[in-house]
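Inspection log for the structure reproduced underneath, given as structure tokens.
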């Protein structure tokens, strides 16, 4: 494993049972908690999958950089299968103990432990800013490799143009060395890797806690005000 990746893995393993507490401490000034943001992004994930797949309940879904599996209870009932993978082996073990219906694996941060074309869709949530900058392209290329033709890749990241987001990141102990990606950088990485129909949307311009507020949030999605954003790309059918 790359030394920087090893350092990240070891640090996150120390938070395997206190991850929520650490994030909640960094969010305390907002009046919101990690569970709120988890629910909102899980809702967006389900919306995207429903829009892109005729039968999302049958797809094989991969979470790259799954950590302790915060999102999995909200996603597992809505897909055919869910797999989580992370460099932090102890976090993976913690996730497995809490989500017995999900498959979990650890890896070296370089090559995902799956055959080519193993999944219909993959996502990664606030993970790439922990990947060494020189590894960003390879990280995205690995997502492309394990997706089936026509498969979907979804990247959620912090928006560094939002001052409140920067304050949260600066207060979070395991984000000390994070290198935040602007949406244009993430879009460019997916395009360069070979994904097509790459598009970015900003989210959490409003606290999108229900379908009505999420509709308002979507209307504001082209404006760079949201606390976070997502980028979606499709693996070409001929790939």
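The values are calculated or read from the model by the stated rules, or taken from the named source; none is laboratory data. No experiment lies behind these values; they were computed from the predicted model shown. Note that each Cβ is placed from the backbone with ideal geometry, even for glycine, and that neighbours are counted across all protein chains shown.
Examine the range 13-20 for a residue that is touching a helix residue (DSSP H, G or I) at 6+ places or on another chain (Cβ under 8 Å), at pLDDT 95 or above and crowded, with 17+ Cβ neighbours inside 10 Å, and state whether such a residue exists. No - not one qualifying residue is present in the range 13-20. Checking each residue in the range 87-110 for being crowded, with 21+ Cβ neighbours inside 10 Å and either over 12 Å from residue 72 (Cβ atoms) or touching a residue at least 40 places away in the same chain (Cβ under 8 Å) (or both) picks out 87, 88, 91, 109. No other residue among 132, 113, 149 is surrounded by fewer than 22 Cβ atoms within 10 Å (Cβ to Cβ), touching a residue at least 40 places away in the same chain (Cβ under 8 Å) and closer than 16 Å to residue 60 by Cβ apart from 149.
Residues in the range 165-190 that are in a loop (DSSP other than H, G, I, E, B) and surrounded by 15 or more Cβ atoms within 10 Å (Cβ to Cβ): 172, 178, 180, 181, 182. Of the listed requirements (1) touching a strand residue (DSSP E or B) at 6+ places or on another chain (Cβ under 8 Å); (2) outside any loop (DSSP other than H, G, I, E, B); (3) over 22 Å from residue 9 (Cα atoms), residue 74 misses just one: (1). Summed over the range 28-60, the residues that are over 30 Å from residue 237 (Cα atoms) and in contact with a helix residue (DSSP H, G or I) (Cβ under 6 Å, 6 or more places away or on another chain) give a count of 2. Count of the range 191-211 residues, restricted to those that are part of a helix (DSSP H, G or I) and closer than 16 Å to residue 45 by Cα, is 1. Within 24 Å of residue 165 (Cβ to Cβ), at pLDDT 95 or above and assigned to a helix (DSSP H, G or I): is that true of residue 39 in this structure? It is true that residue 39 is within 24 Å of residue 165 (Cβ to Cβ), at pLDDT 95 or above and assigned to a helix (DSSP H, G or I).
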